[in-house]
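Working notes, beginning with the structure itself.
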């Protein structure tokens, strides 16, 4: 069975600083990987996804993530954050051939401060 | 506008009083799912439906029921709510089951409090 670990429950960062949100997964088969963002009082929105091909994936709002198979990681990065990036970020995994069953991590609250 | 609509957004009820949270999507999606979100636990799947009249249990189905009589609607039913069902609930849909290029679209959530 697949699982996802987000090691950091909260990440405070100053505006215009870089940020990395960590995600590690576990699965016995090939996986698809996703990052979702949840702004206050809203549902989740897809930020980016890795299905195959290039291991560096670019998403919306300047975010990118890199798939590292050997380290079973899919860390999310942004070189310069804005106040508007304050949100909760969820990493999720689904197994290839496993349908749309997503397993979510516990989330990382990104708080951008002035 | 393409969207998943949940109602109500907020609900406070008492133990044992049956309730229904509605979910409707206007994108002609086949796949629909319910999740609950709890602090420190992330999102956990309650039930899902691959198409009309096809539903299946997710990871935490106890205490919940669903139905899928029409493609666009997927209500979540709590026949006898208990305080441990106090949570934030999300409905989601996608075009088809088993297609990673078909991302999940989420509703804005229903915050349920059971006293």
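The values are calculated or read from the model by the stated rules, or taken from the named source; none is laboratory data. Treat the numbers as computed from the prediction; the structure is a model and nothing was measured. Cβ atoms come from the backbone with ideal geometry, glycine included; neighbour counts cover every protein chain shown.
Here is a list of conditions, (1) within 24 Å of residue A:28 (Cβ to Cβ); (2) facing another protein chain (nearest Cβ under 9 Å), and residue A:69 meets all of them except one; can you say which number that is?
(2)
Inspect region B:10-21 for any residue being surrounded by 14 or more Cβ atoms within 10 Å (Cβ to Cβ) and either within 14 Å of chain A (Cβ to nearest Cβ) or within 21 Å of residue A:107 (Cα to Cα) (or both) and give the result as yes or no.
Yes, the conditions are met somewhere in region B:10-21.
Give the number of residues within region A:1-31 that are within 12 Å of chain B (Cβ to nearest Cβ), more than 12 Å from the chain's Cα centre (by Cα) and closer than 27 Å to residue B:36 by Cβ. Show your work before the answer.
Narrowing region A:1-31 to residues within 12 Å of chain B (Cβ to nearest Cβ): A:1-6, A:9-10, A:23, A:30-31.
Next, only the ones that are more than 12 Å from the chain's Cα centre (by Cα) stay: A:1-3, A:9-10, A:30-31.
With closer than 27 Å to residue B:36 by Cβ added as a condition, the list becomes A:1-3, A:9-10, A:31.
Summing the residues that are within 12 Å of chain B (Cβ to nearest Cβ), more than 12 Å from the chain's Cα centre (by Cα) and closer than 27 Å to residue B:36 by Cβ in region A:1-31 gives 6.
Mind checking which residues of region B:37-84 are out of contact with any strand residue (DSSP E or B) (no Cβ under 9 Å at 6 or more places or on another chain) and under 18 Å from residue B:13 (Cα atoms)?
B:80
Enumerate the strands (runs of 3 or more DSSP E) found wholly within region A:17-59, keeping only those where 3 or more residues are crowded, with 18+ Cβ neighbours inside 10 Å. Break it down into steps so the answer makes sense when it comes.
Details: elements: A:19-21, A:24-26, A:31-38, A:44-50, A:56-58.
By residue number, A:31-38, A:44-50.
Inspect region B:60-77 for any residue being more than 14 Å from residue B:23 (Cβ to Cβ), modelled with pLDDT under 95 and either surrounded by fewer than 20 Cβ atoms within 10 Å (Cβ to Cβ) or more than 14 Å from chain A (Cβ to nearest Cβ) (or both) and give the result as yes or no.
Our first condition is that a residue be more than 14 Å from residue B:23 (Cβ to Cβ); within region B:60-77, this holds for B:60-63.
Cutting the leftovers down to modelled with pLDDT under 95 gives us none.
Scanning region B:60-77 turns up no residue that is more than 14 Å from residue B:23 (Cβ to Cβ), modelled with pLDDT under 95 and either surrounded by fewer than 20 Cβ atoms within 10 Å (Cβ to Cβ) or more than 14 Å from chain A (Cβ to nearest Cβ) (or both).
Hey, any hits in region B:84-103 for a residue that's more than 14 Å from chain A (Cβ to nearest Cβ) and surrounded by fewer than 14 Cβ atoms within 10 Å (Cβ to Cβ)?
yes
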